[in-house]
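Right, one structure below, let's go through it.
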Amino acid sequence: QVQLVESGGGSVQAGGSLRLSCAASGRAFSYYTMGWFRQAPGKEREFVAGIIGSGGDRYYADSVKGRISISRDNAKKTVDLQMNSLKPEDTAVYYCAAGRPGASTLYEYDYWGQGTQVTVSS
């Protein structure tokens with residue numbers, strides 16, 4: 001199994017930046033597609049960004065393209081989410097997740113972190 005722990009959340013003003021980190025345990029980290037999701041109060045959890053095991057391909061939700069980047073370090077077993085030009089609508093609990101190779105939906109991600117709160121004020 002994979003255990004995931006997010007960190008780096010906090011409160012920032014609109015236009016600011018945050019870098020979220022996800023530390024993973026487990027033997028086969030590089031096997032997993034990794035993703036970041038977020039969930040705001042009263043809303044469904046939504047996909048933010050994904051990265052395949054090798055780190056070669058990255059995918060982003062249209063709402064965050066150009067402002068957010070995902071990266072991974074398989075040697076350190078970490079996945080980061082760099083968030084710039086943050087907007088109040090980015091406020092949510094952000095979750096790190098590990099999925100089967102080629103995971104593209106919530107249901108294809110098998111392991112989840114506990115989440116970290118990101119609050120963006122105007």
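Observations on the model:
- Checking every one of the GluC sites (Glu not before Pro) in segment 11-96 against DSSP loop status and a limit of 12 other Cβ atoms within 10 Å picks out Glu44.
- Take the Cα of Ser63, go 7 Å toward its beta carbon, and the backbone nitrogen atoms of segment 29-51 under 11 Å from that spot belong to 38-41, 43-48.
- Calculated FRET value between Asp73 and Ser121, using beta carbons and R₀ = 30 Å, to 0.05: 0.45
- Subtracting the Cα-Cα distance of Glu89 and Gln13 from their residue separation scaled by 0.36 nm leaves 26.2 nm.
Rule-based calculations on the coordinates, nothing more; no lab input. Just so it is clear, the model here is predicted, and its values are computed rather than measured. Heads up, the Cβs are rebuilt from the backbone with ideal geometry, glycines too, and the neighbour counts pull from every protein chain shown.
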